[in-house]
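Take a look at the structure below.
The numbers here are math on the coordinates, done by the rules we state, and not lab data. Note that the structure is predicted; figures quoted are calculated from it, not measured. Don't worry about glycine lacking a Cβ; one is built from the backbone with ideal geometry, like all the others, and counts go over all protein chains shown.
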Amino acid sequence: MFKVLLLSTMVFAAREHGAHLHGAGKISMAFDGKRGKIELHVPAESLYGFEHEAKSKKDRQKKEQALLKLEEKISEMIVLDPSLKCEIKKEIFEVNQQKNHAEVEAEFGVSCEAPVAGSEISFHMQKVFPRLRKVQVDVVADGVQKSLQVTNNGDSLGLK
Amino acid sequence: MVFLKLAIKSLKNRIFATTLTVISIALSVSLLLSVERAKRAAEEGFTQTISKTDLIVGARSGPLQLILYTVFNMGNATHNISYESYEDIKKIPAIEWTIPYSLGDGHRGFRVVGTNQDFFKYYHYRGDRKVEFSQGGEFRDLWDVVLGAEVARKLGYKLGSRVVVAHGVTKGEGIQEHDDKPFVVAGILEPTGTPLDRAVYMSLEGMEALHVDWQEGAAPTADKIIPREQLTKDKLKVHSITAFFVGAKSRIETLKLQREINTYKEEPLLAIIPGVTLSELWQGLSFVEGVLRIISWMVVLVGFMAMLIALTTALNERRREMAILRAVGAKSRQIVGLLVFESTLLTALGIALGVFLSWGLVAVLKPWIESEFGLYLVGPWFTSRELIYLVITLIGGTVIGLIPALRAQSLALKDGLSVKL
């Protein structure tokens, strides 16, 4: 028991210090009834394969394509219950470029026809970005607070 | 129909052994279901220890540590946070309410928590349950304390009892008692089945009053003690707290708020979403769940073995019965069918009895389990997982029945009719 607690502390601590781990992303979602927001933090490497500044034409193209794919396929990566008839719209895309590392930060707005709390969300991250191996998902939906580590296509989280 | 009649008559004929077999299956099934329900209850009780709180804020450490020392009364904070930072953050428009939390002192092994009236107003657990009083009310005076249900019960305190708080959490007698400044019990909380029951609550100023005359972490010498009577709420200034709970105006703003607090420039702070951290922690402990499940499957297996033994021994006694059935024209596969049908019937009866047994236990023991262990028995009577378990058990029982049935089939017709010498 103690070992597990200790281990979890270490894991959390690493995450808390904003460790930049290739292949590992973080998604935070919050919903007030039918409205919501999705925040995505992913190492650039997991989306377009490199993290240096995209200077060459080829690199720029790769980056743009990946970001376009993220925008277009977001509702295939994060699948909300179809009966809620949700629409996910891009709000802010930012690439936080540091010397050797880059992190893509994206925000999406969600609007649905029914409240999201009580439904189920499934995740298909690798289907779109195979290099994204592990995603920590935190969800707040009205009174429900849940988290899930997504490692496989089809992993789902019930918001009950 | 003939099958059913024959099977029932045959089982009736061996009523004692049959009953024992059904009971052994019923016990295994009810254990399997109870473990499953206890697991659900433990998860529910655990993740619902705190609810309706959007963020918990403390000094920057790990989310797990923060939740353990605030919600579960376990471990200690690495740092306190300054009261100025708390006041500063409280002003952020997205925040609806806050509850300050100050830890560090203890009373005979229980935590002492310094907080304010907002604790009684906004602290929720298990959905929308609030902290309620079984006796008395909130602390009003500087020297008032409110006791958690277990503290009052274990230490035998009543309204008006005098409580001496010790410096640091201690078991039994404190290392350094604040005996110059005793407190008076003003209220006792209703049992909640959460760690709330195991703490003593007082005002932030009361907490401050304990240490007002302390110098450099040591108790004052006799000439420097400020008498209890001279201290009043307005003379005391709160310097630091250990953590605070935050309710945001909207959930969407919670994410932004969390980021804002985590990047607060004046002081390194950590804001966590409690439910998220709790469910992460629960996932980390899920191996315990696996162990429990393995144990209950083993019990089911033992139940099946008992059934196998009962059916096989009965088979010896039933050689003649089988032979007569064959003699009057029953085919050998009909004999197999009959025996498999019997074991399926026994398993089905056992499952039904087991289900009722586990429901009955839950219904009878629910209040006691809730108050004693903090296990929160809610949710549906059946989950799909439990149904799958029952179906597996039924199939298992049927398959087990095949073993004696096939043995019976191989016995020669004359075996039961010929007289053995």
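For peptide A:31-40, what's the mean number of Cβ atoms from other chains within 10 Å of each residue's Cβ?
3
Mind checking which of B:284, B:104, B:206 has the largest fluctuation in a GNM of chain B, springs on alpha carbons under 10 Å?
Comparing B:284, B:104, B:206 in the GNM, the peak value goes to B:284.
Residue by residue through B:276-282, how many Cβ atoms from other chains fall within 10 Å of the Cβ on average? Numbers along the way, then the final one.
Numbers: counts 10, 5, 3, 7, 10, 6, 1.
The shielding value for this peptide is 6.
What does the charge dipole of the protein assembly as shown about its Cα centre add up to, to the nearest 20 debye, if the Cβ of each Lys and Arg holds +1 and the Cβ of each Asp and Glu holds -1?
Once rounded to the nearest 20, the dipole reads 3440 debye.
Take every DSSP beta bridge with both residues inside the protein assembly as shown and express the antiparallel ones as a percent of the total, to the nearest 5.
Approximately 80 percent, going by the DSSP bridge assignments.
Label residue A:62 and residue B:234 with points 7 Å out from Cα along Cα→Cβ: what is the distance between them in nm?
Each label point is offset 7 Å from its Cα along the Cβ direction, giving 7.0 nm.
Determine which aspartates and glutamates satisfy two conditions relative to residue B:265: a Cα distance under 18 Å, and not lying fewer than 8 residues away in the same chain.
By straight Cα distance, residue B:265 reaches A:16, B:84, B:87, B:88.
Mind telling me which of A:24, A:114, A:106 comes out most flexible in a GNM of chain A, alpha-carbon contacts under 10 Å?
A:114
Using a simple spin-label model with points 7 Å from Cα along the Cα→Cβ vector, what separation in nm is obtained for residue A:52 and residue B:259?
Computed distance between label sites residue A:52 and residue B:259 equals 2.9 nm.
Among DSSP beta bridges whose residues both lie in region A:23-158, state the antiparallel percentage, nearest 5. It would help to have the intermediate numbers written out before the result.
Working: 40 of 48 bridges.
Given both bridge residues lie in region A:23-158, the antiparallel proportion sits at roughly 85 percent.
What whole-number distance in Å separates the alpha-carbon centres of region B:21-58 and region B:323-361?
Using only Cα atoms, the two centres lie 33 Å from each other.
Determine the shape class of chain B: with a ≥ b ≥ c the square roots of the Cα gyration tensor eigenvalues, call it rounded for a/c under 1.5, and otherwise prolate if a/b is greater than b/c, oblate otherwise. Please list the in-between numbers first.
On the way: a/c = 4.09, a/b = 2.92, b/c = 1.40.
Verdict is prolate for chain B.
To the nearest 20 debye, what is the magnitude of the charge dipole of chain A about its Cα centre, counting +1 on the Cβ of each Lys and Arg and -1 on the Cβ of each Asp and Glu?
That gives a dipole near 500 debye.
Test of understanding: in a Gaussian network model of chain B with alpha carbons linked when under 10 Å, which of B:58, B:109, B:148 would top the mean-square fluctuation ranking?
Its mean-square fluctuation being the largest, the pick is B:109.
By the gyration tensor of its Cα atoms, with a ≥ b ≥ c the square roots of the eigenvalues, what is the shape of the protein assembly as shown: rounded for a/c under 1.5, prolate for a/b over b/c, or oblate?
Judged from the Cα gyration tensor, the protein assembly as shown comes out oblate (a/c at least 1.5, b/c at or above a/b).
So what's the net charge close to residue B:253: Lys and Arg +1, Asp and Glu -1, counting the other residues with Cβ under 14 Å from its Cβ?
Overall, the nearby charge balance is -1.
Taking a 20 Å limit on the Cα-Cα distance, which of the listed pairs A:26/B:256; B:121/B:366; B:39/B:366; A:73/A:146; A:134/B:256; A:69/A:90 fall beyond it? Can you show the working numbers first?
Numbers: A:26/B:256 15 Å; B:121/B:366 28 Å; B:39/B:366 14 Å; A:73/A:146 24 Å; A:134/B:256 23 Å; A:69/A:90 12 Å.
Over 20 Å apart, Cα to Cα: B:121/B:366; A:73/A:146; A:134/B:256.
With +1 on the Cβ of every Lys and Arg and -1 on the Cβ of every Asp and Glu, and nothing else charged, how large is the dipole of chain B about its Cα centre, in debye rounded to the nearest 20?
Taking the Cα centre of chain B as origin, the dipole is about 3220 debye.
Considering only DSSP states other than H, G, I, E and B, which trypsin sites (Lys or Arg not before Pro) in region B:269-378 qualify as loop sites with at most 14 other Cβ atoms within 10 Å?
Answer by residue number: B:331.
Just flag the trypsin sites (Lys or Arg not before Pro) in region A:73-144 sitting in loop per DSSP whose Cβ has no more than 14 other Cβ atoms within 10 Å.
Answer by residue number: A:85, A:99.
Which of the listed residues, A:28, B:283, B:356, is farthest toward the dipole's positive end in the protein assembly as shown, when Lys, Arg count +1 and Asp, Glu count -1 at the beta-carbon?
Sorting the options by dipole projection puts first B:356.
Out of the DSSP beta bridges found with both residues in chain B, what percent are antiparallel (nearest 5)? Kindly include the intermediate steps, with their values, before the conclusion.
Numbers: 34 of 44 bridges.
Bridges in chain B are about 75 percent antiparallel.
I need to check one value: relative contact order of chain B, counting alpha carbon pairs closer than 8 Å and at least 6 residues apart, in percent.
Taking the mean separation of contacting Cα pairs over the length of chain B, I get 27 percent.
For peptide A:24-30, what's the mean number of Cβ atoms from other chains within 10 Å of each residue's Cβ?
Mean inter-chain Cβ contacts per residue within 10 Å come to 3.
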